[in-house]
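To keep things clear, I will list the structure first and then write my remarks on it.
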């Protein structure tokens, strides 16, 4: 009986290993990357500093979907990367200070199309005010 059980378990393990393929995370092997450049103004409108900014939140969603797929923060040099994406159309955005906007910020949005399974798309630099 034990011999038969171990044969069945061995066969099940073998079939599982043969049928496995690499998981693609959110669904793919593509990536989108970019950088964020920030302008820091005083309350009187004078430029205090500018440069590539770390610790800025960047968001991504499928273009025709309301749900955010992911959000990350830029690293010290203003760069970010979303990976494990599928082919399709996406929107990537960051928020910029906006004195004339009702809630004080506005979304700076870039649309991107991932056309290949393993595409690596680099976006133009986002320019924001902080």
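The numbers here are math on the coordinates, done by the rules we state, and not lab data. Not measured: the values here are computed from a predicted model. Quick reminder, even Gly has a Cβ in these numbers, built from the backbone with ideal geometry, and neighbours come from all protein chains shown.
Can you give the percent of C-alpha pairs in the range 25-129 whose distance is more than 21 Å?
Percentage above 21 Å: 37.
Sort 52-58, 104-110 for me by packing, meaning the mean count of neighbouring Cβ atoms within 10 Å per residue, highest on top. Mind dumping the intermediate values first?
Numbers: 52-58: 17.4, 104-110: 13.4.
Answer by packing, highest mean first, reads 52-58, 104-110.
Between residue 111 and residue 76, what FRET efficiency comes out of the Förster formula 1/(1 + (r/R0)^6) with R0 = 22 Å and r the beta carbon distance, rounded to 0.05?
Given R0 = 22 Å and the Cβ-Cβ separation, E is 0.25.
Please work out the C-alpha center-to-center distance from the range 85-106 to the range 24-79 and express it in whole Å.
Taking the Cα centre of each part, the range 85-106 and the range 24-79 sit 9 Å apart.
Report the gain in length on full extension from residue 103 to residue 130: 0.36 nm times residue separation, minus Cα-Cα distance, nm rounded to one decimal. Write down the numbers at each step before the final one.
Working: separation 27, 0.36 × 27 = 9.72 nm, distance 1.41 nm.
Extending this stretch completely gives an extra 8.3 nm.
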